[in-house]
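Let me begin by presenting the structure, written as structure tokens, before commenting on it.
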Amino acid sequence: MAGAIDQAIAAVRASGGTVLDLSGLRSRELCESVRDLTTLTRLDLSSNQLATLPDWIGELTALTQLDLRGNTLTELPDSMANLTRLRFLELSHNRLTALPGWIGELTALTQLDLRGNTLTELPDPMANLTRLRFLDLSHNRLTALPDWIGKLTALTQLDLRGNTLTELPDPMANLTRLRFLDLSHNRLTALPGWVGELTALTELRLIHNRLTSLPDSIGNLRSLTILDAARNKLTALPDSIGELTELTELDLWSCDLQELPDSIGKLTALTELDVANNHLTRLPDAIGNLTSLRKLSAYRNKLRRLPDSIGSLTSLTHLYLSLNELTELPESIAGRTGLDVGGNAISGY
């Protein structure tokens, strides 16, 4: 591997290049000869075995992109505070337990990836990173978010899945440019009403929390195309769900749902609807309005009959109705390809 590293460095030095890729070489330390490549703007050290970084890395002040993902870093040298031109910093899948306060000096950052570490809190100086558009904090050990996160108003993507958050700070209502928000696999018991102010959202993921309801204000998110709230404790949906007329995917698998509101029939852009593993005894007649549906999963419920309107779903290629309490099918869907009704008491199936 040393030969490959030397060759890469020599090639950059000879050409006066600005990009050095040393990824996937299983290096345990950063070669000293990188130190004088002060014209580098992109340095990829991902997928190595780096446990530490040398102090002189702070001398590479032309860097705009630094990729350190997939190493075994437990801390970062203070000299990195000098890398003030960085726009992209990738630190995912390391062993960081804390971030240094100087990270707030990297004010040119637009993308910061910290997923897969063991962070328990975020330093207050991060509030200065007001140019951030992408922030990934997923799969850490965060129990709470600081109020200053509401100052990161340039954010368009925020990933918080796989932490132990129990609530969200109200200043997050200021993140009105967010298009993607993932709150999955936390311990949230409620979604605050201000979520309805995040009207730029196109994708909202809430999988595996402890939500018992969705706020009426969710109906304000009229740009949403994907809403995934699977594995929560939702017994019902607000009527305002029908205002999400751009939705193409709605996942409510395993949510303790007792019924679906008639307003669900307004979601005419839906192509996938998953309401499997709930406690539904019926589907509303309005479901027949969802003529763009290609996949409907309603298996493992308590359905006793299906509305005749289900025959209007002529775009369906997959209809999963197994493990219910059905004794007959509407003629309009009997024999349709892609139909699964196993585990019912329907004659002929």
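Some observations on this one:
- Positions within the stretch 118-130 being surrounded by fewer than 17 Cβ atoms within 10 Å (Cβ to Cβ) and within 20 Å of the chain's Cα centre (by Cα), in sequence order: Thr118, Thr120, Glu121
- In the set Asn289, Asn277, Asn344, only one residue is surrounded by 16 or more Cβ atoms within 10 Å (Cβ to Cβ), within 19 Å of Arg231 (Cα to Cα) and not aromatic (Phe, Trp, Tyr); that residue is Asn277.
- Filter result for Asn232 (under 24 Å from Arg115 (Cα atoms) and within 15 Å of the chain's Cα centre (by Cα)): no
- In the stretch 144-162, the residues that are buried (at least 18 other Cβ atoms within 10 Å of the Cβ) and closer than 17 Å to Asp228 by Cβ: Leu158, Asp159, Leu160, Arg161, Gly162
- Considering Glu331, Glu325, Glu243, the condition of being among the acidic types (Asp, Glu) and closer than 30 Å to Ser217 by Cβ is satisfied by Glu243 alone.
- The single residue among Leu129, Leu168 that is farther than 26 Å from Gln65 by Cβ and among the aliphatic types (A, V, I, L, M) turns out to be Leu168.
- Test for Arg141: is it in contact with a Ser or Thr (Cβ under 8 Å, 6 or more places away or on another chain), of a type in the set (Lys, Arg), at pLDDT 95 or above and buried (at least 16 other Cβ atoms within 10 Å of the Cβ): no
Yes or no, residue by residue, for (1) charged (D, E, K, R); (2) over 24 Å from Leu306 (Cβ atoms):
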{"position": "Asn209", "(1), (2)": "no, yes"}
{"position": "Lys233", "(1), (2)": "yes, yes"}
{"position": "Thr245", "(1), (2)": "no, yes"}
{"position": "Trp253", "(1), (2)": "no, no"}
{"position": "Leu257", "(1), (2)": "no, no"}
{"position": "Asp262", "(1), (2)": "yes, no"}
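- Residue count, the stretch 110-130 (criterion: in contact with a Lys or Arg (Cβ under 8 Å, 6 or more places away or on another chain) and either in a strand (DSSP E or B) or charged (D, E, K, R) (or both)): 2
Yes or no, residue by residue, for (1) in contact with a Gly (Cβ under 6 Å, 6 or more places away or on another chain); (2) surrounded by 15 or more Cβ atoms within 10 Å (Cβ to Cβ); (3) assigned by TED's automatic domain parsing to the domain that holds Ala81; (4) part of a loop (DSSP other than H, G, I, E, B):
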position	(1), (2), (3), (4)
Ala14	no, no, yes, no
Gly17	no, yes, yes, yes
Leu20	no, yes, yes, no
Gly24	no, no, yes, yes
Ser27	no, yes, yes, yes
Thr38	no, no, yes, yes
Gln49	no, no, yes, yes
Leu53	no, yes, yes, yes
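- Single match in Ile57, Ile5, Ile9 (criterion: in contact with a Ser or Thr (Cβ under 8 Å, 6 or more places away or on another chain), of a type in the set (Val, Ile, Thr) and under 29 Å from His139 (Cβ atoms)): Ile57
- Pairing residues of the stretch 170-189 that are within 12 Å of Arg133 (Cα to Cα) with residues that are of a type in the set (D, E, K, R), at Cβ distances under 6 Å and at least 6 apart in sequence or on separate chains, gives Phe180/Glu203.
- Residue match in the stretch 131-142 (condition: assigned to a helix (DSSP H, G or I) and of a type outside the set (Phe, Trp, Tyr)): no
- All positions within the stretch 193-209 that are surrounded by fewer than 18 Cβ atoms within 10 Å (Cβ to Cβ) and touching an Asp or Glu at 6+ places or on another chain (Cβ under 7 Å): Trp194
- Entirely in the stretch 173-265, the strands (runs of 3 or more DSSP E) that have 3 or more residues that are under 30 Å from Gly288 (Cα atoms): 203-205, 226-228, 249-251
- Residue among Arg304, Arg294 that alone is farther than 29 Å from Arg205 by Cβ, among the charged types (D, E, K, R) and either surrounded by fewer than 18 Cβ atoms within 10 Å (Cβ to Cβ) or modelled with pLDDT under 95 (or both): Arg304
The values are calculated or read from the model by the stated rules, or taken from the named source; none is laboratory data. It should be emphasised that the depicted structure is a prediction, and the values quoted were computed from it without experimental measurement. All Cβ positions, even for glycine, are placed from backbone atoms using ideal geometry, and neighbour counts span all protein chains on display.
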